[in-house]
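Peer 1: Sharing a structure, written as structure tokens. Questions coming.
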Amino acid sequence: MNLSDPSLPFWETKSLDEMTQKEWESVCDGCGLCCLTKLQDDETDEIVYTGVVCAYSDLATGQCSDYANRSTNVPTCVQLTKERVAEFDWLPDTCAYRVLYRGQSLPNWHPLISGKPQSVKAAGIGLLAIPVVVDTGNLDYEDFLISKP
Ligand code: SF4
Ligand code: SF4
């Protein structure tokens, strides 16, 4: 493969570090799975997922309903940056940032390839494809543990 071939899409020719901010943002497949509440074991640091989704998650789209103010609205909302992709191994295996970080190809259902955001749900991926409970602030998260999506 000729990596300088201008006919190839940017995600096949650039590393995550080399992407522009716009390209970086477009890599997100919009699955919304990173908005599920996670619990971390105090002793082992192991992170486990729950089926409880952040109250700011829009379940019609799977997107954050107030993305610009997410850090203020939810102080524990973690921002994924280029520098932190490597350490964020708790992200879903399907997360496009992790897929590219592992040197793999984006799946056919990724909107950059399919051209349709709906292809994520159609492939059975993401918040819109699994049963979730919206966080009411008074849930016992341990009652909602799920396997890593
Ligand atoms: S898990 Fe990854 S691809 Fe999915 S919404 Fe979060 S950052 Fe985007
Ligand atoms: S504030 Fe928005 S981006 Fe952060 S966890 Fe909640 S829904 Fe997701």
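Peer 1: When the expected Rg is taken as 2.2 N^0.38 Å, what fraction or multiple of it is the alpha-carbon Rg of the stretch 30-87? Don't skip to the end; give the middle numbers.
Peer 2: On the way: Rg = 12.4 Å, N = 58, 2.2 N^0.38 = 10.3 Å.
That works out to 1.21 for the stretch 30-87.
Peer 1: A further question follows. In debye, nearest 20, what is the charge dipole magnitude of the chain about its Cα centre with +1 on Lys and Arg Cβ and -1 on Asp and Glu Cβ, if you could check?
Peer 2: Details: 11 positive and 22 negative charges, 146 e Å.
With only Lys, Arg, Asp and Glu charged at Cβ, the dipole is about 700 debye.
Peer 1: In percent, what relative contact order does the stretch 37-149 have, based on Cα pairs under 8 Å that are 6 or more apart in sequence?
Peer 2: Over the stretch 37-149, the number comes to 37 percent.
Peer 1: Return the subset of Lys38/Lys116; Lys82/Lys116; Lys22/Lys116 for which the Cα-Cα distance in this structure is over 23 Å, preserving the input order. Write out the running numbers ahead of the final one.
Peer 2: Numbers: Lys38/Lys116 29 Å; Lys82/Lys116 25 Å; Lys22/Lys116 18 Å.
From the list (Lys38/Lys116; Lys82/Lys116; Lys22/Lys116), the Cα-Cα distance tops 23 Å for Lys38/Lys116; Lys82/Lys116.
Peer 1: Report the far tail of the P(r) of the chain, meaning the percent of Cα-Cα pairs longer than 21 Å.
Peer 2: I get 48 percent for the Cα pairs in the chain exceeding 21 Å.
Peer 1: Could you give each residue of the stretch 9-25 its phi-based ³J(HN,Hα) in whole Hz, using Karplus coefficients 6.51, -1.76, 1.60 with θ = phi - 60°, and x for Gly or Pro?
Peer 2: x, 4, 6, 9, 10, 10, 6, 4, 4, 7, 6, 6, 4, 5, 5, 4, 4
Peer 1: Sticking with this one: Per residue of the stretch 81-94, what does 6.51 cos²θ - 1.76 cosθ + 1.60 with θ = phi - 60° give for ³J(HN,Hα)? Whole Hz please, x for Gly and Pro, Karplus curve as stated.
Peer 2: Residue by residue, the stretch 81-94 yields 10, 4, 5, 9, 4, 4, 7, 8, 6, 7, 4, x, 4, 7 Hz.
Peer 1: Cα centroid distance between the stretch 7-44 and the stretch 112-149, in Å?
Peer 2: If we compute the Cα centre of each part, the gap is 16 Å.
Peer 1: Can you sort Val133, Val27 by solvent-accessible area, 1.4 Å probe, largest first?
Peer 2: Descending accessible area places them as Val133, Val27.
Peer 1: Between rounded, prolate and oblate, where does the stretch 77-149 land on the alpha carbon gyration tensor, with a ≥ b ≥ c its root eigenvalues, rounded for a/c under 1.5, else prolate if a/b exceeds b/c?
Peer 2: Oblate.
Peer 1: Can you compute 3J(HN,Hα) from phi for each residue in the stretch 139-148, using the Karplus curve 6.51 cos²θ - 1.76 cosθ + 1.60 with θ = phi - 60°, rounded to whole Hz and x for Gly and Pro?
Peer 2: Residue by residue, the stretch 139-148 yields 8, 8, 4, 5, 6, 10, 4, 9, 5, 4 Hz.
Peer 1: Arrange the residues Glu23, Glu18 by how much accessible surface each exposes, largest first, with a 1.4 angstrom probe.
Peer 2: Glu18, Glu23
Peer 1: Please give the calculated 222 nm ellipticity per residue for the chain, where each DSSP H segment of at least 4 residues contributes -39500 (n - 2.57) and the sum is spread over every residue; nearest 500 deg cm²/dmol?
Peer 2: Using -39500 (n - 2.57) per qualifying helix, the result is -4000 deg cm²/dmol.
The values are calculated or read from the model by the stated rules, or taken from the named source; none is laboratory data. Computed from a predicted model, the values in this text were never measured in an experiment. Glycine gets a Cβ as well: all are built from the backbone with ideal geometry, and neighbour counts include every protein chain shown. The protein model used for the area step is the full one, side chains on, heavy atoms only, and it has no ligands, DNA or RNA in it. Shrake-Rupley method; radii C 1.70, N 1.55, O 1.52, S 1.80 Å.
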